[in-house]
Amino acid sequence: MTIRSVVVGLGHYLPQRVVPNSEFEATLDTSDEWIKSRSGIERRHFAAEGETTSDLATKAAQNALAQAGLTANDLDAIVLATSTADLTFPSAATMVQAALGMTRGFAFDVQAVCAGFIYALANANALIVSGQARRIMVIGAETFSRIMDWSDRSTCVLFGDGAGAVILEAQDGTGDKSDRGILSVDLNSDGQHRDILYVDGGVSTQTTGFLRMQGKEVFRHAVEKLAQTATQAMDKAGIASDEIDWIVPHQANIRIIQGTAKKLGLSMDHVVVTVQDHGNTSAASIPLALSVGAERGQISRGDVVVTEAIGGGLAWGAVVIRW
Ligand code: ACO
């Protein structure tokens, strides 16, 4: 018998304030047309003053618990992916634990930037298959609006705030690819590419910093590495591309999403796309897209879902899940 991590709940939360591309035209030399044609982004949500990453994460987690018909103390753990935690410590995950009223189990953050949710899923899956937890809330939550340089038009128009949550539960499987749950994981990083995507500040340098990016370079790595990691994860699961029902990619740029789907030999009819409404929400983008995709009726029980992401590090990876 094989233990599988099966998705039993989904939820998301987006801050109330919606910012259309046109809002940037007042302060930057940019246009709705440029942003839309280069990135596919039309609008994004920004957190209100004082609204933190753990606030967004808590609301997404509450929505996932409600959808699954569970309470916080039904969880054994919370794994939260973020690069924009409220404080240096404690972790945003323990803040969510307290806000949910969860008085048992354990909680911790994972930081792998835009690939953070993939890394969090991998961690949660490892805890479940090794028998250390039976039910885990996996969250991606970010307030990237806090690390934007509002005078840099090549970055600040691309990102947004939000949170998504997935509840994984241990269920018995056969070890076959027909099992529901996580079928495979593929993780990668290469620290040599630090300078193409980073924040130029942090605790140890006693600065806050802003996101800096060489967009063209990131783009070049993204399509190639995303297709590669998705293929590796599919190979590990024994899944061929014609068995994939949905790709749920990191939502950074529609051109990256289209390029990756093409390399994988899949039409855009098999891709969940939310980048037009959310912008790039880093670690929150995949759980947001999963939750919105399920709400739209795109993802249903038994479907094979491939999630893939790349971000600062560079760090990248993919997870194959049978829904
Ligand atoms: N409005 C108008 N013009 C702009 C803007 C803007 N907001 N931003 C940049 N430009 C200008 C540039 O200054 C440049 O002008 P120049 O030719 O006079 O120097 C021109 O537009 C072209 O810029 P490029 O960088 O060549 O534009 P490109 O087509 O590469 O698109 C983009 C830029 C959208 C950043 C693209 O490179 C990209 O999406 N890269 C991937 C980055 C990404 O998604 N990162 C997210 C984090 S990592 C991840 O999640 C995958």
Can you tell me which residue among Ile196, Ile182 is away from the ligand (no atom under 14 Å from the Cβ), β-branched (Val, Ile, Thr) and within 30 Å of Pro15 (Cβ to Cβ)?
Ile182
The number of residues in the stretch 10-54 that are in a strand (DSSP E or B) and among the aliphatic types (A, V, I, L, M) is 3
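Please work out if Ser39 is of a type in the set (Ser, Thr, Tyr), within 14 Å of the ligand (Cβ to nearest atom) and open to solvent by less than 10 Å² (accessible area, probe 1.4 Å).
Values: of a type in the set (Ser, Thr, Tyr): yes; within 14 Å of the ligand (Cβ to nearest atom): yes; open to solvent by less than 10 Å² (accessible area, probe 1.4 Å): yes.
In short, yes.
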Kindly indicate which of Gly215, Gly209, Gly191 is more than 21 Å from the chain's Cα centre (by Cα), of a type in the set (Gly, Ala, Ser) and outside the structural domain of Gly140 (by TED's automatic domain parsing).
Gly209
For Ser204, state whether it is in a helix (DSSP H, G or I), surrounded by fewer than 17 Cβ atoms within 10 Å (Cβ to Cβ) and of a type outside the set (Val, Ile, Thr).
yes
Of the residues in the stretch 295-313, those that are within 16 Å of the ligand (Cβ to nearest atom) and either within 13 Å of the chain's Cα centre (by Cα) or buried (at least 24 other Cβ atoms within 10 Å of the Cβ) (or both) come to Thr307, Glu308, Ala309, Ile310, Gly311, Gly312
Open to solvent by 20 Å² or more (accessible area, probe 1.4 Å), within 16 Å of the chain's Cα centre (by Cα) and touching a residue at least 24 places away in the same chain (Cβ under 8 Å) - does that describe any residue in the stretch 122-132?
yes
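Let me confirm something: among Leu87, Leu28, Leu14, Leu100, which residue is under 27 Å from Val305 (Cα atoms) and hydrophobic (A, V, I, L, M, F, W, C)? Don't jump to the end; show me each part of the working.
Working: Leu87 fails: under 27 Å from Val305 (Cα atoms); Leu28 fails: under 27 Å from Val305 (Cα atoms); Leu100 fails: under 27 Å from Val305 (Cα atoms).
Of Leu87, Leu28, Leu14, Leu100, the one residue that is under 27 Å from Val305 (Cα atoms) and hydrophobic (A, V, I, L, M, F, W, C) is Leu14.
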Failed criterion for Gly101 (all others in (1) open to solvent by 60 Å² or more (accessible area, probe 1.4 Å); (2) on the phi > 0 side of the Ramachandran plot hold):
(1)
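Given Leu266, Leu290, which one is away from the ligand (no atom under 12 Å from the Cβ) and outside any loop (DSSP other than H, G, I, E, B)? Full working, then the answer.
On the way: Leu266 fails: outside any loop (DSSP other than H, G, I, E, B).
Within the list Leu266, Leu290, the selection yields Leu290.
Any chance the stretch 174-182 includes a residue that's within 27 Å of Leu87 (Cβ to Cβ) and at pLDDT 95 or above? Don't jump to the end; show me each part of the working.
So the first thing to find is which residues in the stretch 174-182 are within 27 Å of Leu87 (Cβ to Cβ), and the list is none.
The answer is no; no qualifying residue exists.
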Please specify each residue of the stretch 204-231 satisfying the condition of being among the basic types (Lys, Arg) and free of Cβ contacts under 8 Å to residues at least 12 places away in the same chain.
Lys216, Arg220
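State whether the residues of the stretch 19-35 include one that is in contact with a His (Cβ under 8 Å, 6 or more places away or on another chain), surrounded by fewer than 22 Cβ atoms within 10 Å (Cβ to Cβ), under 25 Å from Cys156 (Cα atoms) and in the same structural domain as Ala126 (by TED's automatic domain parsing). Full working, then the answer.
Of the residues in the stretch 19-35, the ones in contact with a His (Cβ under 8 Å, 6 or more places away or on another chain) are 19.
Now restrict to residues that are surrounded by fewer than 22 Cβ atoms within 10 Å (Cβ to Cβ): 19.
Filter again for under 25 Å from Cys156 (Cα atoms), leaving 19.
In the following step, the residues that additionally are in the same structural domain as Ala126 (by TED's automatic domain parsing) were identified as 19.
Yes, the stretch 19-35 contains a residue that is in contact with a His (Cβ under 8 Å, 6 or more places away or on another chain), surrounded by fewer than 22 Cβ atoms within 10 Å (Cβ to Cβ), under 25 Å from Cys156 (Cα atoms) and in the same structural domain as Ala126 (by TED's automatic domain parsing).
The values are calculated or read from the model by the stated rules, or taken from the named source; none is laboratory data. Everything numeric here is computed off the predicted structure, so don't read it as measured data. Heads up, the Cβs are rebuilt from the backbone with ideal geometry, glycines too, and the neighbour counts pull from every protein chain shown. What goes into the accessible areas is simple: the full protein's heavy atoms, side chains included, and nothing from ligands, DNA or RNA. Shrake-Rupley method; radii C 1.70, N 1.55, O 1.52, S 1.80 Å.
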